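Read through the structure below, which is laid out as structure tokens, and then see the notes.
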Amino acid sequence: MICLDPDTLAALRHKNVSSSLIGEMAPEILGGTLVSLDGSAHRRARDGIKEAFLPKGLTAAGIGDLFAPIIRARVQAWRERGGVSILPETGDLMLKLTFYLMGIPPQDLPVWHRKYRQLLQLIVAPPVDLPGTPLRRGRAARDWIDAQSRQFIRDARARSTRTGLINDMVSAFDCSEDALSDDVLVANVRLLLLAGHETTASTMAWMVIELARQPDLWHALVEEARHAGTVPTQHEHLAQFPVAEALFRETLRLHPASSLVPRRTTRELHLGGRHLPAGTRLGIPLLHFSTSSLLHDAPDQFRIERWLGRVEPVGPLDMLQFGTGPHVCIGYHLVWLELVQFAVALALTMQKTGVKPQLLNDAEKGRRFFPTAQPSMKVRIGFS
């Protein structure tokens with residue numbers, strides 16, 4: 001059942017609405033991860049790693065300092081090439097950032113790229129378990145990635161004085177009050193790999209597209225970046241970049257990377273004026289709510305002014321793409337940092353030679369909305 005009433009958003013926080021349907025839809029890769037757990041199992045797994053993903057944990061791990069030079073190098077390469085197919089480029093950049101986040105050595109990146117692509121086959125693989133089939137290749141890739149993750153965990157415990165996100169995840173996990181199996185940690189390292197790539201790459205691509213569409217917005221971003229003179233590396237620096245942050249938040253609103261969130265009722269309840277029996281499968285359409293006139297003024301227009309000069313803090317509705325309630329995305333602060341970093345690095349790099357992004361073809365043609373909402377792989381951006 002697809003629910004269009006705004007009251008349906010309460011289902012994301014309702015104790016009698018379960019996330020387990022997500023694990024059933026993609027059991028091979030999402031089963032046992034945070035996004036598919038509920039209740040005490042979810043709380044224990046989340047509590048075991050959440051500290052590493054808060055601003056304090058990300059700063060302690062040096063994530064902003066790790067990301068900044070990688071992002072700068074990539075956008076400089078775009079400038080030198082003069083034009084790129086934007087989604088493949090942002091996808092490759094995000095995968096590289098995620099691999100570095102996990103502490104994967106540069107020489108191992110090619111094999112990780114290959115295994116990751118094979119892992120993604122499990123999302124759409126037919127249920128045919130024969131040699132050479134997508135299901136068999138995907139499972140082999142998943143098992144390989146999980147085995148590598150277990151080695152990362154062992155290494156982190158052996159070198160407990162080192163910093164880094166994986167080390168901090170393991171340390172927080174081991175210090176949690178609940179005794180949990182390493183299987184929980186392994187599953188969520190895999191989730192980090194999956195969740196940190198496709199959706200963020202799509203948002204990053206749409207940010208560039210909107211900058212190319214709106215010269216005044218590009219000019220405002222360049223002026224802000226030039227005034228600061230550097231790419232932020234910590235959350236405490238982000239207040240200096242209101243235009244970059246507004247670009248990030250408005251892009252998420254108008255171009256949500258997750259168009260639909262699946263849930264299931266565990267008990268009979270009333271929602272949005274309807275009676276829902278226990279076991280009802282729900283589709284909560286984030287794309288609809290992000291562009292609903294009931295929730296936003298001029299919802300089809302890209303307006304960063306919605307976010308500039310606000311006095312009220314960012315609330316659950318503003319963060320809808322990251323979920324709300326107990327399942328709010330654990331990587332929210334990470335994505336916030338890296339996408340503001342990206343916007344500032346793009347502006348600083350391009351303004352050095354006076355170039356700006358230009359849309360070379362139709363960004364609306366060929367866009368998709370499921371399972372991840374993305375612009376077409378063929379959308380090209382020029383830099384001149």
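The values are calculated or read from the model by the stated rules, or taken from the named source; none is laboratory data. Treat the numbers as computed from the prediction; the structure is a model and nothing was measured. Reconstructed Cβ throughout: ideal geometry from the backbone, glycine too, with neighbour counts over all protein chains shown.
Among the residues making up the stretch 105-117, those that are buried (at least 17 other Cβ atoms within 10 Å of the Cβ) and either basic (Lys, Arg) or within 18 Å of the chain's Cα centre (by Cα) (or both) are 115, 116.
Considering only residues that are assigned to a loop (DSSP other than H, G, I, E, B) and either in contact with a helix residue (DSSP H, G or I) (Cβ under 6 Å, 6 or more places away or on another chain) or among the basic types (Lys, Arg) (or both), look in the stretch 5-18 and name the one that is farthest from residue 291 (Cα to Cα). I'd like the intermediate steps shown before the answer.
Restricting attention to the stretch 5-18, the residues satisfying the condition of being assigned to a loop (DSSP other than H, G, I, E, B) are 5, 13-16.
Right, trim to either in contact with a helix residue (DSSP H, G or I) (Cβ under 6 Å, 6 or more places away or on another chain) or among the basic types (Lys, Arg) (or both) and you get 13, 15.
Details: 13: 21, 15: 27 Å.
Taking the candidates together, the pick is 15.
Quick grid of which residues meet (1) within 30 Å of residue 140 (Cα to Cα); (2) surrounded by fewer than 20 Cβ atoms within 10 Å (Cβ to Cβ):
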| position | (1), (2) |
| --- | --- |
| 48 | yes, no |
| 71 | no, no |
| 97 | yes, no |
| 103 | yes, yes |
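With the requirement that a residue be more than 10 Å from residue 333 (Cβ to Cβ) and either over 19 Å from the mean Cα position of the chain (by Cα) or part of a helix (DSSP H, G or I) (or both), what does the stretch 48-58 give you? Don't jump to the end; show me each part of the working.
Filtering the stretch 48-58 down to residues more than 10 Å from residue 333 (Cβ to Cβ) leaves 48-52.
48, 50, 51, 52 - these are the residues of the stretch 48-58 that are more than 10 Å from residue 333 (Cβ to Cβ) and either over 19 Å from the mean Cα position of the chain (by Cα) or part of a helix (DSSP H, G or I) (or both).
Restricting attention to the stretch 58-67 and to residues that are touching a residue at least 60 places away in the same chain (Cβ under 8 Å) and surrounded by fewer than 20 Cβ atoms within 10 Å (Cβ to Cβ), the residue that is farthest from residue 340 (Cα to Cα) turns out to be 60. Among residues that are in a loop (DSSP other than H, G, I, E, B), of a type in the set (Phe, Trp, Tyr) and touching a residue at least 24 places away in the same chain (Cβ under 8 Å), residue 370 is included.
When you check residue 351 against the structure, is it modelled with pLDDT of 95 or more and surrounded by fewer than 19 Cβ atoms within 10 Å (Cβ to Cβ), yes or no? Don't jump to the end; show me each part of the working.
Working: modelled with pLDDT of 95 or more: yes; surrounded by fewer than 19 Cβ atoms within 10 Å (Cβ to Cβ): yes.
It is true that residue 351 is modelled with pLDDT of 95 or more and surrounded by fewer than 19 Cβ atoms within 10 Å (Cβ to Cβ).
Can you tell me which residues in the stretch 174-225 are polar (S, T, N, Q), in contact (Cβ under 8 Å) with a residue 12 or more places away in the chain and in a loop (DSSP other than H, G, I, E, B)? Passing the criteria: 176, 214. All conditions but one from (1) closer than 17 Å to residue 26 by Cα; (2) buried (at least 18 other Cβ atoms within 10 Å of the Cβ); (3) within 22 Å of the chain's Cα centre (by Cα) apply to residue 120; the one that does not is (2). You will find that of 355, 344, the residue that is part of a helix (DSSP H, G or I), in contact (Cβ under 8 Å) with a residue 12 or more places away in the chain and β-branched (Val, Ile, Thr) is 344 and no other.
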